[in-house]
Amino acid sequence: MTFREGLLKARGQITFIAALAISTGIIIYLETLDTEERIQGRVASELSRQRNAPPNISPVVEARVRANLQRTEAIYSAEPIAAASRAALLTSLASAVQLSILRPEDGLARAQRVIADMERQTGEVTPVLVSALGAAAVAFPTLQERIASLASAP
């Protein structure tokens with residue numbers, strides 16, 4: 001029997017060994033991909049996307065929030081130092097942005113104005129104002145450091 005004849009007779013075993021080696025290589029490659037982390041990343045990004053989707057609100061609620069925003073802006077312009085007017089406006093801005101009634105950039109600009117006024121003219125820091133600052137910190141993450149310093153002020 002020649003070498004060639006031996007290879008022809010063993011072709012089934014050779015094919016099996018080659019398939020076993022290739023499948024082992026594929027399994028090792030798939031294990032190194034760390035698929036669990038990628039799946040968790042996809043899930044986290046999908047949840048984040050869903051949270052940022054505009055909520056479905058009724059027209060009545062939307063009209064009330066818009067009217068309240070206008071009213072609180074008028075009250076704030078009349079009494080910018082009063083803690084109640086500051087709290088009302090910050091809460092109205094935060095809810096309007098979170099309900100997609102107001103664009104985030106517009107809400108941020110208006111909230112920055114209120115925060116800047118509070119930094120220039122400190123007034124009474126009531127529990128209601130601290131709660132409103134918390135709502136603003138959630139709605140406007142870029143202002144969190146400034147808000148934290150205001151909320152902790154005596």
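Would you tally the residues in the range 107-131 being more than 19 Å from V65 (Cβ to Cβ), β-branched (V, I, T) and open to solvent by 80 Å² or more (accessible area, probe 1.4 Å)?
1
For the range 21-57, give me the residue count where each residue is open to solvent by 60 Å² or more (accessible area, probe 1.4 Å) and modelled with pLDDT of 80 or more.
Total satisfying the criteria: 8.
Would you confirm whether or not the range 3-20 contains a residue that is more than 34 Å from the chain's Cα centre (by Cα), open to solvent by 80 Å² or more (accessible area, probe 1.4 Å) and polar (S, T, N, Q)?
Among the residues of the range 3-20, at least one is more than 34 Å from the chain's Cα centre (by Cα), open to solvent by 80 Å² or more (accessible area, probe 1.4 Å) and polar (S, T, N, Q), which makes the answer yes.
Kindly provide the set of residues from the range 124-154 that are among the β-branched types (V, I, T) and either farther than 20 Å from A78 by Cα or outside any helix (DSSP H, G or I) (or both), ordered by number. First the steps, then the outcome.
So in the range 124-154, the residues among the β-branched types (V, I, T) come out as 125-126, 128, 130, 138, 142, 147.
Across the range 124-154, the qualifying residues are V125, T126, V130, V138, T142, I147.
Does the range 132-154 hold any residues that are more than 22 Å from A109 (Cβ to Cβ) and open to solvent by less than 80 Å² (accessible area, probe 1.4 Å), and which are they?
The one that is more than 22 Å from A109 (Cβ to Cβ) and open to solvent by less than 80 Å² (accessible area, probe 1.4 Å): A153.
Among the residues in the range 79-90, are any more than 29 Å from the chain's Cα centre (by Cα) and open to solvent by less than 60 Å² (accessible area, probe 1.4 Å)?
Yes, there is a match, as at least one residue in the range 79-90 is more than 29 Å from the chain's Cα centre (by Cα) and open to solvent by less than 60 Å² (accessible area, probe 1.4 Å).
Just a yes or no: is a residue in the range 83-98 touching a residue at least 24 places away in the same chain (Cβ under 8 Å), closer than 23 Å to P59 by Cα and touching a Lys or Arg at 6+ places or on another chain (Cβ under 6 Å)?
The answer is yes, given that some residue of the range 83-98 is touching a residue at least 24 places away in the same chain (Cβ under 8 Å), closer than 23 Å to P59 by Cα and touching a Lys or Arg at 6+ places or on another chain (Cβ under 6 Å).
The values are calculated or read from the model by the stated rules, or taken from the named source; none is laboratory data. Quick caveat, the model's predicted, so the values are computed rather than measured. Methodologically, a virtual Cβ is constructed for each residue, glycine included, from the backbone with ideal geometry; neighbour enumeration extends over all protein chains shown. Side chains are part of the model used for accessible areas, which takes the heavy atoms of the whole protein and leaves out ligands, DNA and RNA. Shrake-Rupley method; radii C 1.70, N 1.55, O 1.52, S 1.80 Å.
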